[in-house]
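Engineer: Starting off with a structure, shown below.
Laboratory data are not the source of any read-out in this text; all were calculated from the coordinates shown. For clarity, every value in this text was computed on a predicted model and none was experimentally measured. Here the Cβ positions follow ideal geometry from the backbone for every residue, glycine too, while neighbour counts run over all protein chains shown.
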Amino acid sequence: MSAAEVILGGVILGGLYALVAIGFNLQFGMARIVNLAYGEFLMAAAFAAFWMFTLFRINPIAGMLLSVPVSFGANWLVYRLLMTPLVRRARTRQQLEGETILATFGLLFVLRGAATLGFTANNRFYDYLGEPLHIFGYTFAANRVLAFGLACVFAAVIWLVLNHTRLGTALRALAIDPVGAELVGIDVRGLCGLAFASGGGLVAAAGTLVSTFLTFNPAIGIEFTMKALVVVIMGGIGNIGGSLIAGVLLGVAEALCSYFVDSGLTLAVAYALFLIVLVVRPRGLFGTPST
Amino acid sequence: MSASAEEESRIRRRRAATATGALAVLVAALAATPWLASDYGLALMVNVVCYLVLTVAWALFSGTTRLVSLATSAFFGVGMYTVAMLIKLLPLYATFLVAIGVGAVLALVVGVLTLRISGMFFVIFSFGLSEMIRELMVWWEINQTHTMGRYVYVPFDTTMIYEHLLALAVLVFLAGWLLRRSRFGLALLVIGEDETIARQVGINVAVSKVAIFVVSAMFMTLTGALMAPRFSFINPNFAFNPLVSFQVVIMAILGGLQRLWGPVLGVIPLIILSEELQTEFPFWYSVFLGLVFMVIVYFLPRGLSGLLEDGWARLGQPLELPRGLTGPLLDAWARLSRPITLPRGIAGAIEDRWRRIMPRVPEKR
């Protein structure tokens with residue numbers, strides 16, 4: 001394996017991290033909810049793809065047509081029923097963060113426990129597009145390339161919606177200043193629900209893509225939540241383009257680490273990057289110092 | 001000094017003496033447990049006291065500053081694994097000291113790097129700290145020392161562990177009690193209420209937060225170190241168990257953070273529950289814990305000790321039945337016989353009901 005191949009492999013993995021992080025950014029940056037149960041929806045989508053593939057031979061990519069809307073709806077319900085009361089009773093942003101962290105932390109354990117009860121803690125894997133693909137003289141697994149391509153498509157759609165529609169403009173206003181957004185007539189509550197649910201839809205897509213090339217079990221969610229958090233902080237809260245670049249950066253750093261040191265240290269790499277950013281650029285890679 | 005003030009101070013002194021005496025008797029009774037209880041009972045008490053120390057230590061930091069720390073298992077694990085690694089090189093008590101030192105340095109580094117900037121970064125960091133250390137330790141043990149797990153055989157039996165933990169529990173309660181009566185504790189409470197105000201009144205926010213974080217981490221690390229001899233074989237996956245962090249948070253908020261004794265009410269029922277459920281239905285235990293957790297966050301923001309205080313206050317009030325016993329019955333009948341109207345559909349009705357169940361926090365005046 002050449003260094004170029006390792007880096008390209010990292011970019012492919014990073015595309016997926018970016019997708020996970022963009023969804024998280026919609027929930028954290030726009031709806032202002034720190035959802036620690038975020039990765040559990042990724043896990044649920046991975047299991048959905050697995051069962052659809054092994055039981056009914058449904059193509060995972062086609063299966064997204066079902067799992068993404070379901071996850072969208074489930075996240076909308078989570079926002080409306082579980083988060084809205086907390087939003088309403090919180091007096092400060094700090095208090096809201098504390099309470100949502102606690103509530104979604106509980107949700108994490110409920111969902112993970114339920115998944116373990118239903119599906120057992122075994123590692124799962126299914127073979128979908130496992131054949132090698134030759135690109136520019138390098139060899140990659142076809143499912144990884146497909147996952148990267150779809151992640152790019154999803155990210156592009158989100159970027160287009162955010163930057164070239166009225167809805168997107170309203171969402172960006174929400175990310176910058178929720179109070180100001182309300183003053184200019186934006187339906188803050190409805191849009192927060194929409195952003196939260198869209199994040200849930202994206203993470204279901206990411207979960208399906210992850211399931212095509214990684215083994216998974218009911219406990220994988222938390223790892224993806226942590227990485228999404230790290231990427232969002234690195235790229236800037238509410239900054240979608242930042243998440244994209246930071247996600248790819250994390251993927252490459254991880255690939256380099258597993259090539260040169262050990263593949264068991266992925267989380268340590270994420271945290272090392274996080275620490276460097278914290279010390280050098282506390283407002284994120286592309287953040288500007290503000291008052 | 002007037003007569004009434006003198007009287008008051010005399011009463012206060014007497015109450016303090018009674019309370020101290022009662023607590024001393026309680027601690028003495030608890031210290032006698034190893035000779036009174038069965039082996040199983042003692043094992044249960046070790047768990048109770050272990051989690052009591054962790055929970056009160058957690059509340060020292062998170063109860064005052066309102067920052068949810070999910071790093072308990074990191075410090076607990078660091079304490080346990082330090083002892084496991086050094087037990088063949090150093091005497092037992094020296095390993096405890098080293099463990100405290102390592103925990104304090106780790107807390108200092110984490111605190112300085114993350115607490116300085118924003119609460120959010122700290123929570124995120126604490127969320128994965130234990131996982132990261134576990135990953136690093138597994139890597140280190142496999143590639144550098146070629147061992148996976150360590151044996152801890154020392155003449156430090158369950159009775160000794162229990163007595164040491166009990167002493168530590170007394171210390172941590174004392175620390176909490178002193179904190180509540182000090183300027184430092186008051187400063188932390190102000191930080192928890194509003195950081196901007198804290199800064200305005202001249203509190204050094206960053207230093208205060210880091211200081212209390214280090215103190216709380218030292219207690220947690222020592223607890224882990226003391227628990228190490230309890231298990232003869234320790235590996236990183238066992239020492240850095242994320243369930244520890246989760247259980248500590250849930251015990252603390254189940255008990256309630258506004259009282260120092262709140263954690264007692266949270267620790268005892270959950271330890272008993274985990275003993276009953278964890279061995280036979282470990283996954284149900286996780287679901288159940290999560291549900292309990294959410295119920296507390298939504299419906300019992302002040303925990304069991306808050307419930308107890310409210311109940312106590314209500315007992316002190318006279319019973320009010322202006323229309324006699326039949327009044328409430330008539331009201332209930334009237335409500336039942338109302339026709340069902342759903343102006344906003346079933347979803348609207350569910351939303352309204354939900355809104356009514358949720359406790360309202362009074363608006364800021």
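Engineer: Rg(Cα) of the range A:138-180 divided by 2.2 N^0.38 Å?
Structural biologist: 1.71
Engineer: How do B:105-118, A:11-24, B:123-136 rank on mean C-beta neighbours within 10 Å, highest first?
Structural biologist: A:11-24, B:123-136, B:105-118
Engineer: Hey, fewest Cβ within 10 Å first, where do A:TYR259, B:TYR81, B:TYR40 land in order?
Structural biologist: Values: A:TYR259 16, B:TYR81 26, B:TYR40 9.
Sorted ascending by nearby Cβ count, the order is B:TYR40, A:TYR259, B:TYR81.
Engineer: So which residue, out of B:VAL264, B:VAL154, B:VAL215, gets the largest mean-square fluctuation from a GNM of chain B using Cα contacts under 10 Å as springs?
Structural biologist: B:VAL154
Engineer: Moving to a separate point now. Can you give the mean number of other chain Cβ atoms that lie within 10 Å of the Cβ atoms in peptide B:284-290?
Structural biologist: For this peptide, the per-residue mean of nearby foreign Cβ atoms is 6.
Engineer: Put +1 on the Cβ of every Lys and Arg and -1 on every Asp and Glu Cβ in chain B; which of B:LEU243, B:GLY119, B:MET227 then has its Cα farthest towards the positive end of the dipole?
Structural biologist: B:GLY119
Engineer: Most fluctuating residue of A:ALA181, A:ALA62, A:ALA195 in a GNM of chain A with Cα springs under 10 Å: which is it?
Structural biologist: Checking each option, the largest mean-square fluctuation is seen for A:ALA62.
Engineer: About its Cα centre, how strong a charge dipole does the protein assembly as shown have in debye, to the nearest 20, once Lys and Arg get +1 and Asp and Glu get -1 at the Cβ?
Structural biologist: Roughly 1760 debye, rounded to the nearest 20.
Engineer: Moving to a separate point now. If you consider only alpha-carbon coordinates, what radius of gyration and Dmax does chain A have, in Å?
Structural biologist: For chain A, the Cα radius of gyration and maximum Cα-Cα distance read 18.6, 58 Å.
Engineer: Alpha carbon centre of the range B:88-157 versus the range B:179-231: separation in Å?
Structural biologist: 19 Å
Engineer: Can you give the mean number of other chain Cβ atoms that lie within 10 Å of the Cβ atoms in peptide B:20-26?
Structural biologist: 0
Engineer: Can you tell me the relative contact order of chain B? Whole percent, Cα pairs under 8 Å, sequence separation 6 or more.
Structural biologist: 25 percent
Engineer: In addition: For Cα pairs less than 8 Å apart in space and 6+ apart in sequence, what is the mean separation divided by the residue count of the range B:231-365, i.e. the relative contact order in percent? If you can, show how the numbers build up before the last one.
Structural biologist: On the way: 73 pairs, mean separation 29.9, N = 135.
Contact order relative to length: 22 percent.
Engineer: Can you tell me the relative contact order of the range A:188-258? Whole percent, Cα pairs under 8 Å, sequence separation 6 or more.
Structural biologist: 14 percent
Engineer: What are the principal axis extents of the Cα atoms in the protein assembly as shown, in Å, biggest first?
Structural biologist: On the principal axes, the protein assembly as shown reaches 92, 76, 53 Å in Cα extent.
Engineer: Between B:ALA347 and B:SER9, what is the spin-label point distance in nm, taking each point 7 Å from the Cα along the Cα→C-beta axis?
Structural biologist: If labels sit at B:ALA347 and B:SER9, their model points lie 6.7 nm apart.
Engineer: A further question on this structure: By count of other Cβ within 10 Å, fewest leading, how are B:PHE246, B:PHE288 ordered?
Structural biologist: Lowest count first: B:PHE288, B:PHE246.
Engineer: Based on Cβ point charges of +1 for Lys and Arg and -1 for Asp and Glu, what charge dipole magnitude is obtained for chain B about its Cα centre, in debye rounded to the nearest 20?
Structural biologist: In debye, rounded to 20, chain B gives about 1080.
Engineer: Please state, as a whole number in µm²/s, the translational diffusion coefficient that the Stokes-Einstein equation yields for the range A:176-260 at 10 °C and 1.306 mPa s, with Rh defined as the Kirkwood radius across alpha carbon pairs.
Structural biologist: Rounded, D is 105 µm²/s.
Engineer: If each of A:VAL261 and B:TRP35 carries a label point 7 Å out from its Cα toward its Cβ, how far apart are those two points in nm?
Structural biologist: 5.3 nm
Engineer: Oh, and also: Give, to the nearest whole percent, the P(r) tail of chain B beyond 33 angstrom, counting all Cα pairs. Don't jump to the answer; show the numbers that get you there.
Structural biologist: Working: 26952 of 66430 pairs.
Distances greater than 33 Å cover 41 percent of the Cα pairs.
Engineer: Taking 0.36 nm per intervening residue step and subtracting the Cα-Cα distance, what contour gain separates B:ALA332 from B:LEU273 on full extension?
Structural biologist: Value of the extension gain: 17.6 nm.
Engineer: Next question. Arrange A:GLU254, A:GLU223 by Cβ neighbour counts within 10 Å, fewest through most, would you?
Structural biologist: A:GLU223, A:GLU254
Engineer: What do you get for the angle between helix A:3-25 and the principal long axis of chain A? Use alpha-carbon atoms, 0 to 90 degrees, nearest ten.
Structural biologist: Orientation of helix A:3-25: about 30 degrees from the principal axis.
Engineer: Along the positive direction of the dipole of the protein assembly as shown (beta-carbon charges: Lys, Arg +1; Asp, Glu -1; about the Cα centre), which of B:LEU89, B:ALA16, A:GLY221 reaches farthest?
Structural biologist: Positive-most Cα among the choices belongs to B:ALA16.
Engineer: Would you mind telling me which residue in B:LEU92, B:LEU44, B:LEU273 has the biggest mean-square fluctuation in a Gaussian network model of chain B, where springs connect alpha carbons within a distance under 10 angstrom?
Structural biologist: Looking only at B:LEU92, B:LEU44, B:LEU273, the largest GNM fluctuation is found for B:LEU273.
Engineer: Among A:ALA175, A:ALA204, A:PRO60, whose Cα projects farthest towards the positive end of the dipole of chain A, with charges put on the beta-carbon of Lys, Arg (+1) and Asp, Glu (-1)?
Structural biologist: Highest projection toward the positive end goes to A:ALA175.
Engineer: Find how much the distance from B:GLU193 to B:GLU163 grows on full extension, using 0.36 nm per residue of separation minus their present alpha carbon separation; answer in nm with one decimal.
Structural biologist: Result for the pair: 7.1 nm of gain on full extension.
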